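Accompanying notes for the structure given below.
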Amino acid sequence: MAKEAKQLNAARVKQFLSNYAIIILIALLALAVGFTRDNFFSRSNLVNLIINVSPRFIIACGVSGCLITKGTDLSAGRMVGLSACLSAMLLQDVAYSGRMLPWLPDVPVFVGLIAVLVICGIFGAINGCVIAFLKVPPFIATLGMQTIVYGLCSVITKNQPMGGYKDSYTKVANGYLLEGAVGKIIPYLAIIALIIGLFMWFLYNKTRHGKYMYAIGGNESAAQVAGVNVPATLIRIYLLAAVLYALGGFLLGAKAGGASVQTGYGYELEAIAACTIGGVSTNGGVGKISGVLVGVLVFEILKICLQFLRVDPAYTFIAQGLVIIVAVALDLRKYLAKK
Amino acid sequence: MAKEAKQLNAARVKQFLSNYAIIILIALLALAVGFTRDNFFSRSNLVNLIINVSPRFIIACGVSGCLITKGTDLSAGRMVGLSACLSAMLLQDVAYSGRMLPWLPDVPVFVGLIAVLVICGIFGAINGCVIAFLKVPPFIATLGMQTIVYGLCSVITKNQPMGGYKDSYTKVANGYLLEGAVGKIIPYLAIIALIIGLFMWFLYNKTRHGKYMYAIGGNESAAQVAGVNVPATLIRIYLLAAVLYALGGFLLGAKAGGASVQTGYGYELEAIAACTIGGVSTNGGVGKISGVLVGVLVFEILKICLQFLRVDPAYTFIAQGLVIIVAVALDLRKYLAKK
Amino acid sequence: MSEYRLEMRNVVKTFPGVKALDHAQLRLRPGTVHALMGENGAGKSTLMKCMFGIYHMDEGEIFYEGQPVHIKDPLDALHHGIAMVHQELQPITERSIGENIYVGRYPLKQIGPVKIIDHKKMYEDAARVLEEVHMNFDPRAKLGSLSVSQMQLVEIAKAVSADCKVLILDEPTSSLTAGEVEALFTIVEELKSKGVAIVYISHKMDEILRISDEVTIMRDGQYIGTWAAKELTTDMIITKMVGRELVDLYPKRKNVPGEEVLQIEDFTSINPKSFRNVTFSVRKGEILGVAGLVGAQRTELMEGLFGLRCHSKGTITYKGEELKINRPADAIKKGIAMLTEDRRATGILGVLSIADNVSISSLNQYLIGGIMLDDKKIEQLVQDNVAKLSIKTPSSKTLIQSLSGGNQQKVLISRWLANNPDIFILDEPTRGIDVGAKYEIYCIIEELARQGKSIIMISSEMGELIGMSDRIMVMCDGRVTGFIDGDKANQENIMELATQFEAV
Amino acid sequence: ACGGGTATTSTPPAPTGSAVVEGIESQVPAGGTVGVCIYKFDDNFMTTYRTALETILKDKGYEVTVVDGNNDQAKQTEQINTFIAQGVDALIINPVMTSAASSIVNLVQTADIPTVFINREPTAEDMASYNKCVYVGCDAAQSGTFQGELILETETKGDINGDGKVSYIMIQGDPENIDAKLRTEYSVKALTDAGMEVEQLNLTRGDWDQNKGQEICANDLAQFGDKVEVVFSNNDSMALGAMEAIKTAGRTVGKDIYIVGVDALDAALDAVKAGEMTGTVLNDAQSQAEKAVECMEGLLGGTTYAEGEQSIYVDYVKVTSDNVAEFIK
Ligand SMILES: Nc1ncnc2c1ncn2[C@@H]1O[C@H](COP(=O)(O)OP(=O)(O)OP(=O)(O)O)[C@@H](O)[C@H]1O
Ligand SMILES: Nc1ncnc2c1ncn2[C@@H]1O[C@H](COP(=O)(O)OP(=O)(O)OP(=O)(O)O)[C@@H](O)[C@H]1O
Ligand SMILES: OC[C@H]1O[C@@H](O)[C@H](O)[C@@H](O)[C@H]1O
Ligand SMILES: [Mg+2]
Ligand SMILES: [Mg+2]
């Protein structure tokens, strides 16, 4: 009996290690960097981390639904760009000389936000329809959409970079709750990300939509014969995803203080990688919002560590690539119950 | 009876139209451009088309095996780049002042080619092993590899673009069989692509490896039960794919007369799109080399047409994105089990 | 009110190259069990899928309680009170049992302005439903942790809990054992008394005669007729189904078991709950039956022998040579073949042709110059098998996924025959196969044994085991509990061994 | 106007200098077809450049096709081939890789099409073989030097904390780009040439991206804090992102930190005006475009260029709060 308990403990420790291997590795890296470099464990570095993570987490939340249903969304990055550009066009300061749309009256930030969410949402819905009704594989449908959205963005911005935002817009990304007395404590960005995270958690775990999503990912024909409206669910998923990319782009633009057609480039791959590192299975039906957060954190901590270590940029690519592979390889052990 | 025959014919025409819809559309576009623009139907334009298609076809052949086994290879583009850069480093003219490796003696073209094929092949084999043994999903494994290969390429080239190739290297891409008397008739590139195409057709249809590949794509665990050595087959597939990317990169470099870390960027998505347009199913188990050729042709004809039509590049993106989606939407009818 | 709950008239449905339904019909009375019978490929499942809105009919009408209806998709069918247990299981393995039962109709509760899933109610209800089908599983457990038969029970629970007016059971017992079948029958009786019209599809004659009130027989997509079950005998049904008479259920066995060729010693799984300390041997030309309840680990054991699962200790000796089998390819090389239990998951290569499916394991034999495949020889092989096993298919290029279940099974058998194995492990070889084809498969098995091959046959059908085996090995809970000679075997002595659980 | 006769007389200028080539107006009647190859369409600066170019050419009655090389030399080569097949009268090429110039020169020479290279300079050696090709552009090293000079022109010459050395962070563009390389090198060289001691705190790759500029700068400010005196950014996009990080970190440009970019984007000019950026460097797209068209017309009119005289430079311009008003539209 006692022996068994011991064995069990050893096995548990092993399982714990392999379940959380990548988190442990990144934590160790962070510790190592923290003890060898100044200011790594500083409030401002923590705030930076939170600020970098927030929009990416929102974008990754969007893509997670697509992945859970065995899909993907390659248009994510370009939608982020479109949203950032549209936000820029709508929310430039009226006093700014280089305004894209000089005839536009002052648009309240909130109105601008709604507008970009709606516009991107439409493209998301189109993604969903193409996938659900025309049965185009998500990879291809969203690859096409990626190209189309990029083209459109290029048309509307005339490839011109934009800046000169009004303060109320940049404030969204650079502002803090409880500023002043106690110092800058909680970035608005963190609050927005938190709200989205909670909303998504609720959606995935407590609503019919969430269950449908997991059911479709687990076995699409089973879901269908059980009466799940598969097309409607898929369309909702891709639409919601696009709305989240739009929010991500809106925030990213505010954070950077400018946008161009290039904005958001490559974010889809990063988001997909983060989700997968966080345990969202590309085989469908599996994935949690908490996992998505972990995946994004792993990436961003790695990036900050590499910059603190002043690693040559060429090598940072190699490190990031290795982390993607190793993280997922380690993580998959959970699922590979030995037969 | 007669009535049935007629119905059958109508149905056949309909099926023909839907099977070949995208080809017909592109052919119509080409005809329209040909009759409204000068020099479209010219020998030199045809040769251009063939030359543009050749390396892309070779690359798409490589990726097709991955797709047929329900995988993918996002590292294709960067491998093309690595190969182009390595070829450049090995095959610069010894007399060229800006040589990357000034200490290198003159390397025969053939030796250079073998070297890059072997080096890329190793990375391909690593892809295969990560996928087959560590069970990392192909999307993630090759995404990681994409980043790693890019980083490596950046390290070895020090981000320096390279040129100054020796004639015998550029000749591979710019030379013609039967040059002289009758004029430039058959580009070497076309011959190389043809050989590869025939080889791949043979491999896919007439060998065990090909059958195993389709079997794995059709149902991996059933293939395993049937005695297929799944890991070995996957490794062979990713290895061969990388060798083909290497060949593609080698030719692309010769064709462009230069190479840098940027070379090959984005080629994987184009190749995957071309394969899918050509009927390679992302659900696995389905796909033909002739289809791959069709897919690549559709893309390249479209590009040339758009340039002849002088379409604003921003709009060419939109057109290309639409073609990807529409082509696959039309094509998939074949596979949609009648309900 | 019409006399019939549901009526299908003149249903025509064609697939590329196949007329699956050719003016088929069906009339269901409330409160009756209506058996739908026919050979593999007769069109039974297709007809049901038309009723359930999975397929759209080319021609024909459906009347629901006398009114013409158009059922456009499964959701529509569910709204009409039609529920279906599908021949092909529809498991969502990554989700809980409870969620699988309530997928598509999760109980909701209102919280302020939003409706959320009522998990508590869902799991309570699920527990109750499971109890009804005599399954005492935690509804929160992952469905994937169950065996195939347990998943089938969950499917039944799902359909039963739908509170339906028409219930379609398409081969619900294909992987159930006797006890579970009894439980199912009790449920069916209850539903019948509540006035539900039930369609029951099965290839098991005894079940049909026991449970059904009416029988409709189909052949080649056509309607043959409907009879009251009381008027029919097994032989009559078979004659109407097959279109000719079948005299025997099992062939006369003329095989003579010879010397022992295969010895398994102390074979133990790495998984403590699976097979352990298994020792047995098989003779040349012997048919060894393997009996046991669901969960007896018969499948796991055989998969272990075939290299699909890991073992922690034990030896396999074949003709005096100890074999190291780590994956199926190793076993195949040594002349061992295995027809797996789950045809769809580990058998067929769906989008590939019949030719490819037949030849995949034996390609080594058809090489020209060691490299190129000899298409002519392969085609010959396929044609021989199609003829020998009377596989119903338009051509050898047809995709296997468009064949009926029974024909798929025959294709898989021919895959292994092509390999000319010495030892043939068959896991439920006649699951879902019609009587005519069953007899053909038995003949093949017998002939193989006569040629001196050794057969290991797992089956949950007692009759089949008793009728076909020279010896029966019985397993319980991962252990071998005994052997019975074929001619001495009967229900009772098998069950006794099959329930010898270890005292805890 | 651009060279007449076979020999234009300017010598290749030193990095900081420039030479404007005088000559006769082109006599070729406008109305030919021109193919323009841009290395990549979504490049900010090249967008301004090609818009200017298109406008000038169209105004002069040319039929223009502009194509996007997508940062892919192979693709651009294909586009050049298609232009040749189409039979354009002249080509204006912004090469993806200057190292591939010799191949391009080969192609256009065989087809005998007059060609103007812009923005990225091929080596003299590569152009030498074809006397109907010429390069018009800026010398990227000059923009770097100007960045350094902008810092030297500040009160403290970049050494805000007075410790005798300029501590800077470098936000680099895509390092393959010759501009990125030379700006990185020459901005610092200008300081050291002026006798300043420098310390590079960090060099990070921002790929010309504004958001990356913000993140990189924010991270560096967190790590090095007040040590950072100067932020060198290879272009304005990244500088504008860095500017956001500087604001958020509570630092004040001009007082405790300096930041310079290149390109003179509208937003950057605004920032310079507001004192939020120390300065930027104007890459004069309009003048370059005019010059390129002039040279093209010259070539069409029969002008040829001798070896060693095939590069024509246009100057960069330093922008500070003093002269920024001139540049704001
Ligand atoms: N999706 C499909 N595509 C093409 N042909 C099909 C398809 N589904 C069924 N068929 C064909 O229709 C016919 C009827 O098949 P069905 O599955 O209804 O038979 P069944 O009576 O249920 O047989 P079984 O007893 O083996 O389950 C068969 O010939 C089969 O090959
Ligand atoms: N350790 C375990 N954890 C979870 N499930 C298990 C475990 N061991 C066995 N099972 C489940 O119990 C099932 C029953 O085992 P098995 O399939 O061997 O029974 P069987 O006698 O072959 O029944 P059948 O006649 O249906 O094939 C297994 O398929 C497996 O899913
Ligand atoms: O090549 C791309 C780069 O070109 C530079 O000239 C410019 O200053 C940068 O902003 C960037 O556009
Ligand atoms: Mg059936
Ligand atoms: Mg079993």
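Against the longest principal axis of chain C, how steep is helix C:178-193, in degrees 0 to 90 to the nearest 10, with axes from Cα atoms?
10
Amide H to amide H under 5 Å from D:VAL198: which residues, 5+ apart in sequence or cross-chain, H placed 1.01 Å off N in plane?
D:VAL166
Among DSSP beta bridges lying fully in the protein assembly as shown, give the percent that are antiparallel, nearest 5.
Details: 61 of 133 bridges.
Of those bridges, close to 45 percent are antiparallel.
Taking N as the number of residues in the stretch D:145-246, what is its Cα Rg relative to 2.2 N^0.38 Å?
On the way: Rg = 12.5 Å, N = 102, 2.2 N^0.38 = 12.8 Å.
For the stretch D:145-246, the normalised Cα radius of gyration comes out at 0.98.
Equivalent-ellipsoid semi-axes (√(5λ), Cα gyration tensor) for the stretch A:229-306, whole Å, largest first?
Working: eigenvalues 112, 78, 18 Å².
The three semi-axes for the stretch A:229-306 are 24, 20, 9 Å.
Can you bin the stretch D:37-119 into rounded, prolate or oblate? Criterion: square roots of the alpha carbon gyration tensor eigenvalues sorted a ≥ b ≥ c, rounded for a/c under 1.5, prolate for a/b above b/c, oblate for the rest.
Verdict is oblate for the stretch D:37-119.
Tell me, what are the semi-axes, in whole angstrom and largest first, of the equivalent ellipsoid of chain D as set by the roots of 5 times the Cα gyration tensor eigenvalues?
On the way: eigenvalues 299, 72, 60 Å².
So the three semi-axes of chain D are 39, 19, 17 Å.
Just which residue of chain A brings its Cβ nearest the axis of rotation onto chain B, and by how many angstrom, rounded whole?
Residue with the nearest Cβ, plus whole-Å distance, for chain A: A:PHE139, 4.
One-quarter of the Cα convex hull surface for the stretch A:185-231, in nm²?
On the way: hull surface 15.9 nm².
With the hull built on Cα positions only, its mean projection is 4.0 nm².
Taking a probe of 1.4 Å and counting only protein heavy atoms, give the total accessible area buried between chains C and B in Å², rounded to the nearest 100.
Values: alone 22510 and 17090 Å², together 37290 Å².
By this definition, chains C and B bury close to 2300 Å².
Give the shape of the stretch A:150-202 as rounded, prolate or oblate, defined through the alpha-carbon gyration tensor: a ≥ b ≥ c are the square roots of its eigenvalues, a/c under 1.5 means rounded, and otherwise the shape is prolate if a/b is larger than b/c and oblate if not.
Values: a/c = 5.08, a/b = 1.55, b/c = 3.27.
Verdict is oblate for the stretch A:150-202.
Quick one: which bits of the stretch C:71-98 get at least 50 Å² less accessible when the partner protein chains are in, versus the chain alone, with a 1.4 Å probe?
Hits at the 50 Å² cut-off: C:GLN90, C:ILE92, C:GLU94, C:ARG95.
Which value in nm describes the separation of the simple spin-label points at C:PHE501 and D:LYS247, placed 7 Å from the Cα toward the beta carbon?
Reported label-point gap for C:PHE501 and D:LYS247 is 7.2 nm.
What FRET efficiency do you get for D:ASP226 and D:ALA194 if R0 is 22 Å and r is their Cβ-Cβ distance, rounded to the nearest 0.05?
The computed FRET efficiency comes out at 0.40.
Starting from the Cα coordinates of the stretch C:268-363, work out the convex hull volume and express it per residue in Å³. Mind showing how you got there, number by number?
Working: hull volume 12.5 nm³, N = 96.
Cα-based convex hull of the stretch C:268-363, divided per residue, equals 130 Å³.
What nm distances, shortest first, do you get from the label point of A:LEU101 to those in the other copies when the point sits 7 angstrom along Cα to Cβ?
Result for A:LEU101, in nm, nearest copy first: 5.6.
Please state the charge dipole magnitude for chain C, taken about the Cα centre, from unit charges on C-beta atoms (+1 on K and R, -1 on D and E), reported in debye and rounded to the nearest 20.
Working: 59 positive and 69 negative charges, 181 e Å.
About 860 debye.
Hey, rough spin-label estimate for B:LYS135 and C:LYS109, points 7 angstrom out along Cα→Cβ, what's it come to in nanometres?
Result: 3.7 nm between the two label points.
Please name the residues of the stretch D:38-75 whose accessible area, counted over protein heavy atoms with a 1.4 angstrom probe, falls by no less than 30 Å² between the chain alone and the full protein assembly.
Buried on complex formation: D:PHE41, D:ASP42, D:ASN44, D:THR47, D:GLU63, D:THR65, D:ASP68, D:ASN70, D:ASN71, D:ASP72, D:ALA74, D:LYS75.
So what's the angle, to the nearest 10 degrees on a 0 to 90 scale, between helix D:210-224 and the longest Cα principal axis of chain D?
Orientation of helix D:210-224: about 30 degrees from the principal axis.
Could you work out the mean count of beta carbons from other protein chains within 10 Å of each residue's beta carbon in C:493-499?
Working: counts 0, 0, 0, 0, 0, 0, 0.
For peptide C:493-499, the averaged partner shielding equals 0.
Rolling a 1.4 angstrom probe over the protein heavy atoms, how many square angstrom per residue are accessible across the protein assembly as shown?
38
Once you keep just the Cα pairs under 8 angstrom separated by 6 or more residues, what percentage relative contact order results for the stretch A:40-265?
Details: 361 pairs, mean separation 95.3, N = 226.
42 percent.
Filter the GluC sites (Glu not before Pro) in the stretch C:286-338 down to the DSSP loop ones having no more than 12 other Cβ atoms within 10 Å, then list what survives.
On the way: sites: C:GLU286, C:GLU300, C:GLU303, C:GLU321, C:GLU322; in loops: C:GLU286.
Of the GluC sites (Glu not before Pro), not one in the loops of the stretch C:286-338 has a Cβ with at most 12 other Cβ atoms within 10 Å.
Please give the average number of partner chain Cβ atoms lying within 10 Å of the Cβ of each residue in B:214-221, rounded to a whole number.
Values: counts 6, 7, 1, 3, 11, 12, 2, 6.
Mean inter-chain Cβ contacts per residue within 10 Å come to 6.
Probe radius 1.4 Å, ligands and nucleic acids left out: can you give me the accessible area buried at the B-A interface, summed over both chains, in Å² to the nearest hundred?
Working: alone 17090 and 17130 Å², together 30940 Å².
That pair hides around 3300 Å² of surface in total.
With θ set to phi - 60° and the Karplus curve 6.51 cos²θ - 1.76 cosθ + 1.60, what are the ³J(HN,Hα) couplings of the stretch A:47-52 in order, to the nearest whole Hz, using x for Gly and Pro?
Whole-Hz 3J(HN,Hα) from phi for the stretch A:47-52: 4, 3, 4, 4, 5, 5.
Given the options A:ASN174, A:ASN127, A:ASN45, state which has the largest fluctuation in a GNM of chain A using a 10 Å cut-off (strictly under) for Cα springs.
Between A:ASN174, A:ASN127, A:ASN45, it is A:ASN45 that shows the largest mean-square fluctuation.
If you average 1/r across every pair of different Cα atoms in the stretch A:121-244 and take the reciprocal, what Kirkwood value do you get, in Å?
The Cα-based Kirkwood calculation yields 17.5 Å.
Would you work out which of B:SER83, B:VAL47, B:TYR176 lies farthest towards the positive end of the dipole of the stretch B:40-265? Charges go on Cβ: Lys and Arg +1, Asp and Glu -1.
B:VAL47
Helix C:119-132 sits at what angle to the longest principal axis of chain C, using alpha carbons and giving 0 to 90 degrees rounded to 10?
Taking Cα atoms only, the helix is inclined about 70 degrees.
Indicate, rounded to the nearest 5 percent, the antiparallel portion of the DSSP beta bridges found entirely in chain D. List each step's numbers first, then the result.
On the way: 3 of 40 bridges.
Of the beta bridges lying entirely in chain D, close to 10 percent run antiparallel.
Compute the relative contact order of chain D as a whole-number percentage, counting only Cα pairs closer than 8 Å that sit 6 or more residues apart in sequence. The partial results should precede the final answer.
Details: 718 pairs, mean separation 76.2, N = 329.
Taking the mean separation of contacting Cα pairs over the length of chain D, I get 23 percent.
Just the Kirkwood number for chain B, please: inverse of mean 1/r across all distinct Cα pairs, in Å, one decimal. Don't jump to the answer; show the numbers that get you there.
Working: mean 1/r = 0.0472 Å⁻¹.
Averaging 1/r across every pair of different Cα atoms and inverting gives 21.2 Å.
Can you show me the helix-derived [θ] at 222 nm for chain C, built from DSSP H runs with n ≥ 4 at -39,500 (n - 2.57) apiece and divided by the number of residues, rounded to the nearest 500. It would help to have the intermediate numbers written out before the result.
Values: 17 runs with 161 residues, N = 504.
Helix contribution divided over all residues of chain C: -9000 deg cm²/dmol.
Checking an interface number: how much accessible area is buried between A and D, summed over both chains, with a 1.4 Å probe, in Å² rounded to 100? Don't skip to the end; give the middle numbers.
Values: alone 17130 and 13490 Å², together 27760 Å².
About 2900 Å² of accessible surface is lost on pairing.
Based on Cβ point charges of +1 for Lys and Arg and -1 for Asp and Glu, what charge dipole magnitude is obtained for the protein assembly as shown about its Cα centre, in debye rounded to the nearest 20? Present the calculation step by step, with values, prior to reporting the outcome.
On the way: 135 positive and 145 negative charges, 739 e Å.
Using Cβ point charges on Lys, Arg, Asp and Glu, the protein assembly as shown gives about 3540 debye.
Per 10 Å bin, what percent of the C-alpha pairs of chain C does each bin hold, from zero upward?
4, 18, 28, 27, 17, 6, 1, 0
Which of the three applies to the stretch D:288-329, rounded, prolate or oblate, going by the alpha-carbon gyration tensor with a ≥ b ≥ c and a/c under 1.5 meaning rounded? Let's see the in-between values first.
Numbers: a/c = 8.01, a/b = 2.43, b/c = 3.29.
It is oblate, given that a/c is not under 1.5 and a/b is not larger than b/c.
Grab every C-alpha pair in the stretch C:359-502, bin the distances at 5 angstrom width from 0 up to the longest one, and report whole percents.
For the stretch C:359-502, the pair-distance distribution reads 2, 9, 16, 18, 17, 13, 10, 7, 5, 3, 1, 0.
Let me confirm one metric for peptide D:268-276, namely the mean number of other chain beta-carbon atoms within 10 Å of its residues' beta-carbons.
Shielding by partners across D:268-276 averages 2.
When the accessible area of the stretch B:40-265 is computed with all protein chains present and a 1.4 Å probe, what percentage of it is carbon and sulfur? Numbers along the way, then the final one.
On the way: 5120 of 7230 Å².
Answer for the stretch B:40-265 is 71 percent, counting heavy atoms of protein chains only.
Per 10 Å bin from zero, what fraction in whole % of the C-alpha pairs of the stretch C:314-418 is there, up to the bin with the longest pair?
Going out from 0 Å in 10 Å bins, the stretch C:314-418 shows 14, 42, 30, 13, 1 percent.
Just which residues of the stretch B:101-136 lose 30 Å² or more accessible area with every protein chain there, against their chain alone, with the probe set to 1.4 Å?
For the stretch B:101-136, once contacts with the other chains are taken into account, B:LEU134, B:LYS135, B:VAL136 lose 30 Å² or more.
How many nm separate the modelled label positions at B:ASN283 and C:ALA228, each set 7 Å beyond the Cα in the direction of the Cβ?
4.7
Given a cut-off of under 8 Å on Cα pairs at least six residues apart, what relative contact order in percent is computed for the stretch A:50-132?
21
What are the semi-axes of the equivalent ellipsoid for the stretch A:91-147, taken as the square roots of 5 times the Cα gyration tensor eigenvalues, largest first, in whole Å? Walk me through the numbers on the way to the answer.
Values: eigenvalues 234, 31, 9 Å².
Over the Cα atoms of the stretch A:91-147, the ellipsoid semi-axes are 34, 12, 7 Å.
With both partners inside chain C, how many of the DSSP beta bridges are antiparallel, as a percent to the nearest 5? List each step's numbers first, then the result.
Values: 50 of 85 bridges.
Among the beta bridges of chain C, antiparallel pairing accounts for roughly 60 percent.
On the principal axes of its Cα set, how long, how wide and how thick is the protein assembly as shown? Give whole Å, largest value first.
112, 87, 70
Can you pull out the GluC sites (Glu not before Pro) in the stretch D:123-223 whose DSSP state is coil and whose Cβ has at most 12 other Cβ atoms within 10 Å? Show your work: numbers first, answer last.
On the way: sites: D:GLU125, D:GLU149, D:GLU153, D:GLU155, D:GLU176, D:GLU185, D:GLU197, D:GLU199, D:GLU215; in loops: D:GLU153, D:GLU155, D:GLU176.
When the GluC sites (Glu not before Pro) of the stretch D:123-223 are filtered for loop state and at most 12 Cβ neighbours within 10 Å, D:GLU155 remain.
The values are calculated or read from the model by the stated rules, or taken from the named source; none is laboratory data. Since the model is a prediction, treat every value here as computed from it, not as a measurement. Every residue, glycine as well, gets a Cβ built from its backbone with ideal geometry; the counts of neighbours run over all protein chains shown. Ligands, DNA and RNA are stripped out before the accessible areas are found, and what is left, the full protein with its side chains, is counted by its heavy atoms. Shrake-Rupley method; radii C 1.70, N 1.55, O 1.52, S 1.80 Å.
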